[in-house]
Amino acid sequence: MVTHNDERNEGMEPGDEAEPGTPGTGEDICRKCDGTGQLEGKECPDCGGTGYVIRGIGGA
Ligand SMILES: [Zn+2]
């Protein structure tokens, strides 16, 4: 396990499929909240209120 200074894990949300910057992935609109970042008046749990998530792209 690589142990950099791993305290900045805030970029990772439950809806993310990979960490930001991972090759073969990219940001995509959160389908759960439709990119609004809000779900039923609260912060969307999937994207953490950002409105987008990290998804695998291409098919690597
Ligand atoms: Zn969302």
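Since every read-out is calculated from the coordinates, none of them should be taken as a lab result. Being a predicted model, the structure only gives us computed values, none of them experimental. Note that we place each Cβ from the backbone using ideal geometry, even for glycine, and neighbour counts take in every protein chain shown.
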Pull out the extension gain between Ile29 and Met12, defined as 0.36 nm times the separation in residues minus the alpha carbon to alpha carbon distance; nm, one decimal. 4.7 nm
Please list the non-local residues whose amide H lies under 5 Å from the amide H of Gly51, H modeled 1.01 Å from N, same-chain partners needing a gap of 5 or more. Gly37
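Peptides 42-49, 31-38, 18-25: what's the order by average Cβ count within 10 Å, highest mean first?
On the way: 42-49: 17.6, 31-38: 15.5, 18-25: 12.1.
The packing order, highest mean first, is 42-49, 31-38, 18-25.
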